[in-house]
Amino acid sequence: MTEPDLLNEHRHDAEESSYELERSDVAAILDAVERGDQAALIARMEPLHAADIADLLEQISTSERRKLIHLYDREFDGEILSELDESIRDDVIATLRPEVLADAVRELESDDVVDLIEDMTEHQQDAILDVLEDSDRVAVEQSLTYPENSAGRLMQREVVMAPEHWNVGQAIDFLRGHESLPEQFYHIILVDPRLKPVGNVTLGKLMGSRRDVLLWELTEDVFRVIPAMQAEGEVAYAFNQYHLISAPVVDEDERLVGVITIDDAMIVLDEEHEEDILRLAGVGEGSLTDRVISTTKQRLPWLAVNLVTTIAASLVIAQFEVAISQIVALAVLMPIVASMGGNAGTQSLTVAVRAIATKDLTGSNVWRVIRREVLVGLINGLVFALIMGVVGLLWFGSPALGYIIATAMVINMVVAGLAGTVIPILLDKLGVDPALASGAFVTTVTDVVGFFAFLGLAAAVLL
C-alpha cells in the first residue's frame with residue numbers, strides 16, 4: 001500500500017471513529033452507566049482521548065455525568081480535568097472522591113494545575129494544593145503569585161536547561177540520567193551562569209549531531225524570551241508571529257523561571273478569537289453548558305444597550321411624523337436604508353476588530369485602512385443606490401423618491417464604512433475592548449444617520 005493510501009486509510013478510520021463516538025459509543029456508555037456495569041464502561045472509555053471524554057461529560061446531563069464519574073472512579077485521568085469547560089469543571093471536581101482527585105491532579109503539569117485552580121475559591125485551591133508533592137505545590141503557588149492572564153500563569157515550571165558551554169554528549173547523558181523530565185518538551189534552553197536564557201536547541205538538532213559539537217553552535221536563529229509579567233495575549237501573538245514552538249519565561253532579573261509551549265499559546269489564541277466572536281454578538285463568554293440564569297445575566301446588559309440605541313433611532317423617526325403620515329412609502333422604505341448601513345458597518349467593524357487583535361492595524365496604516373473602508377462603502381453605496389433608485393421609481397412611480405433613497409443609501413454606506421473602522425480604533429485607544437462595545441455604537445450611528453438622511457431628504461424635497 002502506498003503512503004497516500006495509508007494516509008487516506010488513517011483519515012477514513014479517524015472519521016469513522018469520530019462518527020461512532022458521536023452516535024453509538026455515547027449511547028453504549030450511557031447504557032453501561034444506567035446498568036452500573038463498570039467493566040463495560042471502562043472498556044468503552046479506555047480507547048477515548050481525554051478531550052473526547054471531556055466533550056462527553058459536557059454533553060450529557062448533570063445526573064448522568066455524576067453517575068458516570070462515580071462508576072468510572074479510579075480510571076479518571078487528570079488530563080480530562082484540563083480539557084473540561086470551566087462551567088462544569090467545579091461540578092466534576094466536587095463529584096470525584098478525594099483520593100481519585102488527588103491521583104488525577106498529580107498527573108498534571110504545573111501549568112495545567114494552575115489553569116485548573118486559578119478561578120477556584122481559596123478553600124478549593126487549598127484542597128487541590130494539599131494533594132500535590134511539596135515541590136509541585138511550591139511551583140504552583142509561585143505561578144499563582146503572577147497576575148491573572150500573564151505569562152507567569154501560563155508557563156510551566158518544569159524546564160529542561162543546560163549550561164551554554166556544554167556539548168551534545170554532555171546534554172544527552174544529562175537527559176538520560178534525569179529521572180523527572182517533563183512529559184513533553186521541544187527544546188533544551190541554554191543558560192549562562194546567572195540562569196539567563198541565551199538560546200534554544202531543538203531535540204532534532206541535538207540527536208542529529210556528534211557528541212563533541214558544542215550546544216551553542218546548534219542554537220535556533222529565532223529566539224524569543226518572554227517576561228513573566230507579559231499579557232498572555234501578547235505571548236500568543238509572539239508565538240503566532242514568529243512561529244515559535246516553545247519560549248523561556250524570565251523574571252524581572254531576566255532569570256529563567258519557566259517555559260511556555262506552543263499548545264498553551266494556541267489555546268490562548270483560540271480563546272481570544274472565540275471571545276472576540278462572542279463579544280461582537282453581545283453574548284459575553286457563555287457556553288452551551290451554562291445555566292439559564294447565568295446565560296440570561298450575560299446577555300441582558302447588551303440587550304438593554306441595544307434597547308437604548310433603538311430608542312435613539314426611534315427619536316429620530318419621531319421628528320418626521322408629519323412626513324411619514326403624508327407619504328406612506330417612507331415607512332416602507334426607510335428600514336432598507338438603516339439595515340443596509342448596519343450590515344455594511346458590521347462588515348467594516350469585524351475587519352477592524354480582527355486587525356486590532358492581530359496587531360495588523362497600526363498607526364502607520366490606520367488612515368489607509370479608513371480610506372479604503374470609506375471608498376468601499378461609497379462604491380457599494382452607489383451600486384445599491386442605483387438598484388434602490390430603480391426600485392423606488394418602479395414600485396411607487398416617483399422619480400423623486402427613487403433619487404432620495406439612492407442618495408440616503410450612499411450617505412449611510414459611506415458613514416457605515418467610516419464608523420465601522422473609526423469607532424473600534426477610538427475605543428481601543430481609550431482602553432475599552434473594541435469587540436465588546438463597538439457593535440452598539442456602530443449600529444446606533446448607522447440607524448440614526450440612515451433614518452435622518454432618508455427622512456430628512458424626503459421632508460425637504462417631497463413636502
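The values are calculated or read from the model by the stated rules, or taken from the named source; none is laboratory data. Remember, predicted model here, so these are calculated numbers, not experimental data. Using ideal geometry, Cβ is built from the backbone for each residue, glycine included, and neighbour counts are taken over all protein chains shown.
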- Message: Would you confirm whether or not the range 446-453 contains a residue that is among the polar types (S, T, N, Q), at negative phi, touching a residue at least 40 places away in the same chain (Cβ under 8 Å) and buried (at least 20 other Cβ atoms within 10 Å of the Cβ)?
- Response: yes
- Is there a residue in the range 311-325 that is within 22 Å of Leu455 (Cβ to Cβ), assigned to a helix (DSSP H, G or I) and at pLDDT below 80? no
- Just for the range 364-380: of the residues that are without any contact (Cβ under 8 Å) to a residue 12 or more places away in the chain and over 10 Å from Leu418 (Cα atoms), which one is surrounded by the most Cβ atoms within 10 Å (Cβ to Cβ)? Ile379
- Item | Residue in the range 408-422 that is outside any helix (DSSP H, G or I) and within 25 Å of the chain's Cα centre (by Cα) present | no
- If you scan the range 335-363, which residues turn out to be buried (at least 18 other Cβ atoms within 10 Å of the Cβ) and assigned to a loop (DSSP other than H, G, I, E, B)? Leu361
- Note on the structure: Considering residues that are buried (at least 19 other Cβ atoms within 10 Å of the Cβ), hydrophobic (A, V, I, L, M, F, W, C) and within 20 Å of Val105 (Cβ to Cβ), the number found within the range 50-87 is 9
- Message: Of the residues Ile356, Ile379, Ile370, only one is modelled with pLDDT of 90 or more and farther than 18 Å from Val445 by Cα; which?
- Response: Ile379
- Task: Being modelled with pLDDT under 90 and in contact with a Leu (Cβ under 6 Å, 6 or more places away or on another chain) narrows it down to one of Asp264, Asp270, so name that one.
- Result: Asp264
- Item | Where Ser150 falls short, out of the listed (1) more than 25 Å from Val100 (Cα to Cα); (2) in the same structural domain as Thr219 (by TED's automatic domain parsing); (3) of a type in the set (Gly, Ala, Ser) | (2)
- Note on the structure: Those residues of the range 309-322 that are in contact with a Gly (Cβ under 9 Å, 6 or more places away or on another chain) and over 11 Å from Asp447 (Cα atoms) come to a total of 2
- Query: Of (1) of a type in the set (Asp, Glu); (2) free of Cβ contacts under 8 Å to residues at least 60 places away in the same chain; (3) part of a helix (DSSP H, G or I), Asp119 satisfies all except one. Which?
  - Reply: (3)
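This table checks each residue for (1) free of Cβ contacts under 8 Å to residues at least 40 places away in the same chain; (2) closer than 30 Å to Asp31 by Cβ; (3) under 27 Å from the mean Cα position of the chain (by Cα).
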| residue | (1), (2), (3) |
| --- | --- |
| Glu64 | yes, yes, no |
| Ile69 | yes, yes, no |
| Ser87 | no, yes, yes |
| Leu101 | yes, yes, no |
| Asp126 | yes, no, no |
| Glu141 | yes, no, yes |
| Tyr146 | no, no, yes |
| Asn149 | no, no, yes |
| Arg153 | no, no, yes |
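With respect to Val138, is the statement that it is modelled with pLDDT of 85 or more and within 22 Å of Ala50 (Cα to Cα) true? Spell out the reasoning first.
Working: modelled with pLDDT of 85 or more: yes; within 22 Å of Ala50 (Cα to Cα): no.
In short, no.
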- Query: Within the range 122-159, how many residues turn out to be farther than 22 Å from Ile267 by Cα and outside any helix (DSSP H, G or I)?
  - Reply: 4
- Residue check, Ala40 assigned to a helix (DSSP H, G or I) and either surrounded by 12 or more Cβ atoms within 10 Å (Cβ to Cβ) or modelled with pLDDT under 85 (or both): yes
